Amino acid sequence: MKLKELKEKLNLSVRCAEDKLIQEITGGYVSDLLSDVIANAQKGDVWVTMQVHVNIVAVAVLKEVAAIVLVQGREPNEDTLKKAKEENIPILVSKLPAFQLVGKLYESGIGKT
Amino acid sequence: MRMDKSYSQSFEITGNNFFDAGKAATEVKMILKQIGINSDIIRRVAIASYEAEMNVVMYAKRASMTIEISQEKIKIVVDDEGPGIQNIELAMKEGYSTATTEMREMGFGAGMGLPNIKRNADHLKIESEVGKGTKVEFVIELKESARGGSKER
């Protein structure tokens, strides 16, 4: 599924890197511990997190995740957004809490093998 | 890039600079991609480098990260000027961390850093002097594993 379809289906708001919404999503990961994400997230995942500080962008770049999705309507910090624009990493925001969002992602076929 | 001889490059890491944190690990990853190193090796080097870099950003003043690539192996040395590690054995324990509450709230300090390096490297050596600094050196062998061609997934 493409990021764009997911955005519409799950009512996500895009904060940056709109041009990358054509990317294909190949899986998902949810965690707020950066070491866990670094060790276990995969290329092409949507990464669901509550963290909004600038280091999520470096983690996303290094792991080549397709997008960062912030939950509970949390907004990226100013320097997070700046860095994400520089690196062209899509950040999307969901109003849902992580559990519900991940449930919906899974229902949409993300992460089902 | 031809790999007849060994190749080496150094990157500077600045303590407490969270904006640029992760840059050195990303550069290391780019180099390995350019050379055409297999993606499983790249994944392991990237995880270990990131953890080593974040330790510098969180605890030390500054450090150099040097990568040496030869036909046989990839060696990374992170040499920092910082507080040093009081008890290396304890620091290696999964879940042990001296991170502040603030760092933990940012999703760091899970006590996974050094264990993540150990898990992904073939050899790991840590030398530390309290009040002076820490030198973390790890090696990932290329000889057999480089032939695998497994995918990053």
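Any idea of the accessible area per residue across chain A, 1.4 Å probe, to the nearest Å²?
45
Legend: mean number of C-beta atoms from other chains within 10 angstrom of residue C-beta atoms, peptide B:22-29, equals 4.
Is the stretch B:7-145 rounded, prolate or oblate when judged by the Cα gyration tensor, a ≥ b ≥ c being the square roots of its eigenvalues, rounded requiring a/c under 1.5 and prolate requiring a/b larger than b/c? Mind dumping the intermediate values first?
On the way: a/c = 1.67, a/b = 1.56, b/c = 1.07.
It is prolate, given that a/c is not under 1.5 and a/b is the larger ratio.
Averaged over the residues of A:49-59, the number of partner chain Cβ atoms lying within 10 Å of the residue Cβ comes to 5. Restricting attention to chain B, the count of lysine pairs at 8 or more positions apart or across chains with alpha carbons under 12 Å apart stands at 6.
Using only protein heavy atoms and a 1.4 angstrom probe, determine the accessible area buried between B and A, summed over both sides, in Å² to the nearest 100.
Working: alone 9070 and 6140 Å², together 13150 Å².
The buried area between B and A, both sides summed, comes to about 2100 Å².
From the Cα gyration tensor of the stretch A:3-107, with a ≥ b ≥ c the square roots of its eigenvalues, which class applies: rounded if a/c is under 1.5, or else prolate if a/b is larger than b/c, or else oblate?
Details: a/c = 1.22, a/b = 1.13, b/c = 1.08.
The shape class here is rounded.
Heavy-atom surface analysis with a 1.4 Å probe gives chain A a carbon and sulfur content of 49 percent of its accessible area.
For the peptide B:47-53, the mean number of other protein chain Cβ atoms found within 10 angstrom of a residue's Cβ is 3. Charge tally for A:L96 (other residues, Cβ to Cβ under 14 Å; Lys, Arg +1; Asp, Glu -1): +4. The distance from the alpha carbon centre of the stretch B:100-124 to that of the stretch A:36-113 is 20 Å, rounded to a whole number.
How many Å² of accessible area per residue for the stretch B:46-153, probe 1.4 Å?
Values: 5590 Å² over 108 residues.
Averaged over the residues of the stretch B:46-153, the accessible area is 52 Å².
When the stretch A:1-110 is described by a simple charge dipole with +1 on each Lys and Arg Cβ and -1 on each Asp and Glu Cβ, the residue from A:G103, A:N88, A:S31 located farthest towards its positive end is A:G103.
Keeping all protein chains in place and using 1.4 angstrom, which order do B:I35, B:I67 fall into by accessible surface area, from largest down?
Values: B:I35 35, B:I67 0 Å².
Ranked from most to least accessible, the order is B:I35, B:I67.
The values are calculated or read from the model by the stated rules, or taken from the named source; none is laboratory data. In this text, all values refer to a predicted model and were calculated from it rather than measured experimentally. Counting neighbours? That spans all protein chains shown, and the Cβs are built from the backbone with ideal geometry, glycine included. Ligands, DNA and RNA are stripped out before the accessible areas are found, and what is left, the full protein with its side chains, is counted by its heavy atoms. Shrake-Rupley method; radii C 1.70, N 1.55, O 1.52, S 1.80 Å.
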